[in-house]
Amino acid sequence: MYENKKIAVIIAAAGKGTRVGGPIPKQYLKIGGEPVILKTLKAFAALDEVDHIFIVTNEEYMDRCQEIVRDNGLDKVKGIVKGGAERQESVYNALQEVNRICPGVSYVLIHDAARPFVSEQVVRNVIKATAEKGAAVACVAMKNSIRRMNGAGSQGVDRSEYCSVQTPQGFRKADLMEAHDKALREGIQATDDAMLVELAGFPVEVVDGDYQNIKITTREDLPIENRTGIGFDVHALTEGRRLILGGVDIPFERGLDGHSDADVLVHALMDALLGAAALGDIGRHFPDTDDAYKGISSMLLLQKVRDLLSENFFSIANVDMTIMAQRPRIGPHIEAMRENIAEVLGIGKSRINIKATTTERLGFVGREEGIAAEAICSIYR
């Protein structure tokens with residue numbers, strides 16, 4: 001509440017986020033372990049001035065939104081609304097719910113779910129100006145030179161006459177409803193709600209935004225998150241098996257025992273990658289009780305792990321691995337292993353290191369009972 005007037009916030013989360021790419025909309029990607037939309041919701045829920053929050057999202061993500069709200073105790077969220085074909089329709093749908101559930105609201109703020117870094121100060125700037133002027137939008141000055149495009153080419157313009165528009169945008173609820181009703185009657189499509197309100201004859205105040213209040217639009221907008229993972233594996237040497245390490249078939253009188261091809265080096269690497277991404281381990285994804293993986297090449301499993309990391313927006317920075325074997329000599333095969341792994345992971349060979357060591361005839365490795373491998377990796381998103 002602000003000056004005894006109730007405020008509702010509409011979080012616009014119905015966009016598909018196609019420019020970010022990936023299997024889910026950008027507002028449900030995680031930053032620091034939390035979905036983008038959750039960070040945005042928390043920013044508004046923490047403000048005393050905000051009384052009610054409404055989320056408008058894609059129909060297929062309404063249950064996910066409900067789960068996020070419930071699991072995080074976001075009591076200010078009063079409604080989760082099905083979005084429309086366009087943002088303007090989505091906001092209008094949410095406005096209808098604000099009127100139905102919270103008719104006593106005086107001011108409405110509209111904010112992009114994909115702007116999770118909005119500050120309290122920016123929100124309060126918008127609220128204050130909305131209460132005083134009837135409508136307000138957060139903006140920042142243009143930092144770069146800009147040009148106007150036309151059919152003949154382009155023309156330089158005075159950037160001091162322009163600003164970059166952000167959210168939240170705040171409005172008297174009655175004015176915003178009138179603007180949307182007019183747009184619906186007359187078939188008006190605007191780039192944002194501030195433009196709709198202006199077209200309805202209401203002035204819009206500009207207040208200071210924040211350069212940190214970016215909208216996540218492409219993958220480059222996501223903050224870089226660095227992760228490290230460690231993997232270890234060991235397999236027994238046995239008669240009648242091929243010895244496969246790093247996808248290389250190494251001549252030897254015995255091979256490693258296992259459900260798959262028992263490539264101990266690749267298994268350690270997969271566990272390191274999965275661990276760094278907090279995606280479990282190879283036993284969870286490729287259990288040795290599943291005949292689908294019996295005798296399978298571990299390089300195919302590594303490809304699946306790579307795809308899983310990619311689906312979660314992780315890229316691989318580098319990997320470092322150690323093979324522990326008394327025999328056979330590993331050194332002559334290391335370059336071939338590096339090439340195999342680089343090809344599957346889709347990274348340069350310079351990012352892959354493989355070392356080999358003995359245990360000076362100590363332990364099960366020294367007794368030639370088995371071979372062990374350890375891997376460490378760095379990934380980021």
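Read the figures in this text as sums done on the coordinates, not as results from a lab. Because the structure is predicted, anything quoted here is derived from the model rather than measured. Don't worry about glycine lacking a Cβ; one is built from the backbone with ideal geometry, like all the others, and counts go over all protein chains shown.
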Filtering the chain for DSSP H helices with an axial alpha carbon extent of at least 15 Å and a Kyte-Doolittle mean of at least 1.0 returns 264-276
Alpha carbon centre of the range 227-301 versus the range 164-193: separation in Å? 58
Lys82 versus Asp48: modelled label distance in nm, points set 7 Å from Cα along the beta carbon direction: 4.0
Roughly how many Å is it from the Cα centre of the range 60-74 to that of the range 146-161, as a whole number? 44
How large, in Å, is the chain by the Kirkwood hydrodynamic radius built from its alpha-carbon pairs? 24.4
On a full-extension model of 0.36 nm per residue, what is the gain between Glu34 and Val157, subtracting their alpha-carbon distance, rounded to one decimal in nm? 40.2 nm
Please list, in order along the range 25-30, the HN-Hα scalar couplings obtained from phi with the Karplus expression 6.51 cos²θ - 1.76 cosθ + 1.60 (θ = phi - 60°), rounded to whole Hz, x for Gly and Pro. x, 4, 5, 10, 5, 9
The cysteines in the chain that find no other cysteine Cβ closer than 4.7 Å to their own Cβ are Cys65, Cys102, Cys377
About its Cα centre, the range 6-221 carries a charge dipole, from +1 on Lys and Arg Cβ atoms and -1 on Asp and Glu Cβ atoms, whose size in debye to the nearest 20 is 360
The chain - mean residue ellipticity at 222 nm from DSSP helices (-39,500 (n - 2.57) per run, n ≥ 4, rounded to 500): -9000 deg cm²/dmol
Cα centre as origin, Lys/Arg/Asp/Glu Cβ charges: the range 176-281 dipole, Debye: 380
One finds, for Glu60 and Asp290 with R0 = 30 angstrom and r their Cβ-Cβ distance, a FRET efficiency to the nearest 0.05 of 0.50
Quote to one decimal, in nm, the extra length available between Lys143 and Ile188 on full extension: 0.36 nm per residue of separation minus the C-alpha distance between them. 13.1 nm
Pseudo-spin-label distance Asp208 to Thr358, built 7 Å along Cα→Cβ, given in nm, is 7.0
Cβ under 15 Å from Gly370's Cβ, Gly370 left aside: what net charge do those residues give with Lys, Arg +1 and Asp, Glu -1? -3
Sparse-neighbourhood loop sites, trypsin sites (Lys or Arg not before Pro) in the range 62-162 - DSSP loop, at most 12 other Cβ within 10 angstrom: Lys143
At a Förster radius of 56 Å, what calculated FRET efficiency corresponds to the Cβ-Cβ distance of Gln96 and Asp257, to the nearest 0.05? 0.30
Restricting to bridges with both residues inside the chain, how much of the DSSP beta-bridge set is antiparallel, in percent to the nearest 5? 60
GluC sites (Glu not before Pro) within the range 52-121: DSSP coil, no more than 15 neighbouring Cβ in 10 Å: Glu86
Set Lys and Arg Cβ to +1 and Asp and Glu Cβ to -1, take the dipole of the chain about its Cα centre, and tell me which of Ile110, Val126, Leu38 lies farthest positive. Val126
R0 = 41 Å: FRET efficiency of Arg70 with Thr217, Cβ-based, nearest 0.05? 0.90
Among the listed pairs Lys42/Lys215; Lys39/Lys215; Lys5/Lys39, those beyond 22 Å (Cα-Cα): Lys5/Lys39
Cβ-based net charge around Ala138, under 9 Å, with every Lys or Arg adding one and every Asp or Glu removing one: -2
Size of the dipole of the chain about the Cα centre, Lys and Arg at +1 and Asp and Glu at -1 on the beta carbon, nothing else charged, in debye to 20? 580
What does the charge count around Val204 come to, taking other residues whose C-beta lies under 9 Å from its C-beta (Lys +1, Arg +1, Asp -1, Glu -1)? -1
